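Enquirer: Quick one: the structure is below, and I'll ask about it shortly.
Since every read-out is calculated from the coordinates, none of them should be taken as a lab result. Note that the coordinates shown come from a computational prediction; the quantities given were computed from them, not determined experimentally. Please note: Cβ atoms are built from the backbone with ideal geometry, for glycine as well, and neighbour counts cover all protein chains shown.
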Amino acid sequence: MKTSTFARAVLVALTGFAMAGPKPALADIKDYEFQLVQPTVQVGSDRVVTVRLLNKKTGKPVPDAVIFATRLDMAPDAMEEMVTKVTPVPASEPGSYSFKARFSMEGRWQLSLGAKVQGETGTVDNKLVITVQK
Ligand SMILES: [Cu+2]
């Protein structure tokens, strides 16, 4: 089935473009990225996920960023409709940001984060994959 294979390839390519999204005009916002402090959490309620916002050039954590978009869903396991609420909670150190969520199912969950960094134009847009285990 050559036609359907081609159609699928086109769909994958289009999806890739859509997921890449608009890029910020300035290069320096790209020097920032979120990293998961712990890549694995357990199934259950009130699990805390902590991320660190790093300046990749200096290697230093970035405090006081404004997190304005969060979404947590099972897109990596083809269940993007499986969404769970993300509640910010205080983090233990500057440059770290914590969120509370209920993970109802084991598998891969994707945390989408948007952030504004003080003194920088544009936004940090990252998607992090959390592995949830029983
Ligand atoms: Cu699921």
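Enquirer: Between beta-carbons, use under 9 Å as the cut-off and find the net charge around Met74, counting Lys and Arg +1, Asp and Glu -1.
Expert: Here the charged neighbours net out to -3.
Enquirer: Same structure, new question: Can you tell me which of 103-110, 40-47 comes out highest on packing, and rank the rest after it, using the mean Cβ neighbours within 10 Å?
Expert: Most protected by this proxy first, the peptides run 103-110, 40-47.
Enquirer: Let me ask something additional. Roughly speaking, what is the stretch gain from Asp28 to Asn55, that is 0.36 nm per residue apart minus the C-alpha to C-alpha distance, in nm to one decimal?
Expert: Numbers: separation 27, 0.36 × 27 = 9.72 nm, distance 0.96 nm.
So the extension gain works out to 8.8 nm.
Enquirer: Put a dot 7 Å past each Cα toward the Cβ at Ser92 and Asp46; how far apart are the dots in nm?
Expert: Distance between the two pseudo-spin positions: 1.7 nm.
Enquirer: Continuing with this model, one more query. Between Asp77 and Arg102, what is the FRET efficiency for a Förster distance of 22 Å, r being their Cβ-Cβ separation, to the nearest 0.05?
Expert: Numbers: r = 17 Å, r/R0 = 0.76.
Efficiency, from the Cβ-Cβ distance: 0.85.
Enquirer: Another question, if that's okay. Kindly flag which residue pairs out of Lys60/Lys116; Lys56/Lys127; Lys60/Lys127; Lys56/Lys116 have an alpha-carbon separation exceeding 18 Å in this structure. Mind showing how you got there, number by number?
Expert: Values: Lys60/Lys116 16 Å; Lys56/Lys127 16 Å; Lys60/Lys127 20 Å; Lys56/Lys116 16 Å.
Table pairs above 18 Å Cα-Cα are Lys60/Lys127.
Enquirer: For region 47-63, in order, what is each residue's ³J(HN,Hα) by Karplus, 6.51 cos²θ - 1.76 cosθ + 1.60 with θ = phi - 60°, in whole Hz (x at glycine and Pro)?
Expert: After applying 6.51 cos²θ - 1.76 cosθ + 1.60, I find 7, 9, 10, 10, 10, 10, 9, 10, 8, 5, 6, 9, x, 9, x, 10, x Hz.
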